[in-house]
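The values are calculated or read from the model by the stated rules, or taken from the named source; none is laboratory data. These figures come from a predicted structure and were not determined experimentally. Glycine also receives a Cβ, built like all others from the backbone with ideal geometry; neighbour counts cover every protein chain displayed.
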Amino acid sequence: MEIFLSIETSSEICSVVLSKNNNLISERRASTPNSHASELTLLIDDILHENKIEPALLNGIFLSAGPGSYTGLRIGTSTAKGMCFALGIPLIAINTLDALISQVKDSEATFLCPMIDARRTEVYTKLVRTSTHEEILSTTSCVLEPNTFENYLMEGSIAFFGSGAEKSKAWIKSDKAIFLNNIKPKAAAIAQLGFELWKKGKHENLIEFEPFYLKDFQVKKSTKPLFPPVIKRESYEK
């Protein structure tokens, strides 16, 4: 029986899961939002220690590859790649939007549309047909407007879910729009999809792999001077 570690850092709350084949053993979630840098390795150490599993026993690592938080994805990726290099095990990357879709069961909507908040009026999204999981719209960033998804809504209903779905209500007013609650990125969903790819032998190239950022990290220019002004002090001899 093979043992896997799954890592999800694309959202505010990072989580890890330990699984044997497709069976979840244990799960850990960060207690504080946006604490990936300080808590991720602690979560991994804790889950391995409690289950008495040495890192050398891991057969692979499943990683939430984005889109999502730039900083979160960078931390998760560097941690996962570091472990894979050190242990000589493969990395399997999962599209975070696909992990959201996997959590929607028995939907009667024509299409499924996961959304991840990308700030302002932008979301990361994709669109799949519910009955066949055919990809109608591939992973992209989308600026919400009154006519967003209008053509697809003319064909049938759409289930919107994920962190970006709530704010999309202000733009998508169709009676064919269905908004689902409490569907978030989590390591348990990554573990299930990761095992399916593992069985198919779909591993990442550790050297070349980069997460699905979709857009460049935006650095805000500070309005404060880089160095404080020098105050000259005159010395007087008495």
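A few remarks follow.
- Residue within region 192-199 that is at pLDDT 90 or above and either in contact with a Gly (Cβ under 7 Å, 6 or more places away or on another chain) or loosely packed, with under 13 Cβ neighbours inside 10 Å (or both) present: yes
- Scoring Ile136 on the criteria (1) assigned to a helix (DSSP H, G or I); (2) touching a helix residue (DSSP H, G or I) at 6+ places or on another chain (Cβ under 8 Å) leaves a single failure, condition (1).
- Subset of region 180-191 (residues that are within 22 Å of Leu127 (Cβ to Cβ) and either touching a residue at least 40 places away in the same chain (Cβ under 8 Å) or surrounded by 14 or more Cβ atoms within 10 Å (Cβ to Cβ) (or both)): Leu180, Ile183, Lys184, Pro185, Lys186, Ala189, Ile190
- Test: residue in region 57-70 that is of a type outside the set (D, E, K, R), farther than 15 Å from Pro185 by Cα and at pLDDT below 95: no
- Looking only at region 1-56, residues that are exposed (fewer than 15 other Cβ atoms within 10 Å of the Cβ), in a loop (DSSP other than H, G, I, E, B) and not small (Gly, Ala, Ser) come to 9 in all.
- Ser38 being more than 21 Å from Gly164 (Cα to Cα), touching a strand residue (DSSP E or B) at 6+ places or on another chain (Cβ under 7 Å) and among the hydroxyl-bearing types (Ser, Thr, Tyr): no
- The set of residues from region 1-35 being among the acidic types (Asp, Glu) and at pLDDT 95 or above comprises Glu2, Glu8, Glu27.
- Every condition in (1) over 30 Å from Leu5 (Cα atoms); (2) modelled with pLDDT of 95 or more; (3) buried (at least 17 other Cβ atoms within 10 Å of the Cβ); (4) not aliphatic (A, V, I, L, M) is met by Thr148 except one, and the failing one is (2).
- Close pairs from region 129-147: first touching a residue at least 60 places away in the same chain (Cβ under 8 Å), partner surrounded by 11 or more Cβ atoms within 10 Å (Cβ to Cβ) and of a type in the set (Val, Ile, Thr), Cβ under 7 Å, at least 6 apart: Thr140/Thr125
- Qualifying residue in region 77-94 (condition: touching a Ser or Thr at 6+ places or on another chain (Cβ under 7 Å), surrounded by fewer than 23 Cβ atoms within 10 Å (Cβ to Cβ) and within 24 Å of Asn205 (Cα to Cα)): yes
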